[in-house]
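Derivation of every value follows stated rules applied to the coordinates shown; laboratory data play no part. Computed from a predicted model, the values in this text were never measured in an experiment. Counting neighbours? That spans all protein chains shown, and the Cβs are built from the backbone with ideal geometry, glycine included.
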Amino acid sequence: MVEIVNYLNDIVWGSLLIYLLLGVGVYFTLRTGFIQFRHFGHMFGVLKNSNQADKAGISSFQALCTSLAARVGTGNLTGVAIAITAGGPGAIFWMWVVAMLGMATSFIESTLAQLYKTKDDQGNYRGGPAYYMQKGLNRRWMGVLFSIFLIIAFGLVFNAVQANSIAQATAVAFDFNPSICWHCACGDEWCCYFWRIKINCKGC
């Protein structure tokens, strides 16, 4: 099973998804006339007076915080450390390049969300990829499938990845094995070696 997962992971991340994301970023950058550079300063102008939200939505600053909360996680921190370790300081430059291309893709995603958003009975806006898949592409099944995958990803996958990243980083920093923090062999509960300290194990 592990071999199958590693094989699929190598295909998706090594041969398909990276080139697809870079290609889409280059296309949107050229198509929009390098919008991430032309309107970079406009971002600060919008955020300058964006503390007040209207009755039908949230402020620009709140939208920025929501977007950052969904995009930035432990993977961004550990991923940078791994990239520098594997590729050296030059990896930082290429991460900047990819981030600049990703800004164009993110702009298109946000624009589509604004174009195809709807207002519910309480006056609040609803939108996102599932909505423009249904309304823009006329593919409701695609939006439903995307929503199901998103629930699974945020409910199980992302949490597991972040928990693993935190556990591994802590294990390396403090030199302990996180896998031994379980029920001990003697049957006494909460036998946990944490930072080489044995806690609440009367039978060992």
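So what are the radius of gyration and Dmax for the Cα set of region 123-176, in Å?
In Å, with Rg to one decimal and Dmax whole: 17.7, 53.
Using a Förster distance of 41 angstrom, determine the FRET efficiency expected from the C-beta separation of residue 59 and residue 159, and round it to 0.05.
Numbers: r = 29 Å, r/R0 = 0.70.
In this case the efficiency is close to 0.90.
In a solvent-free Debye calculation with one equal scatterer on each Cα, what is log10 I(q)/I(0) for region 1-134 at q = 0.18 Å⁻¹, listed in the order of the q values?
-1.28
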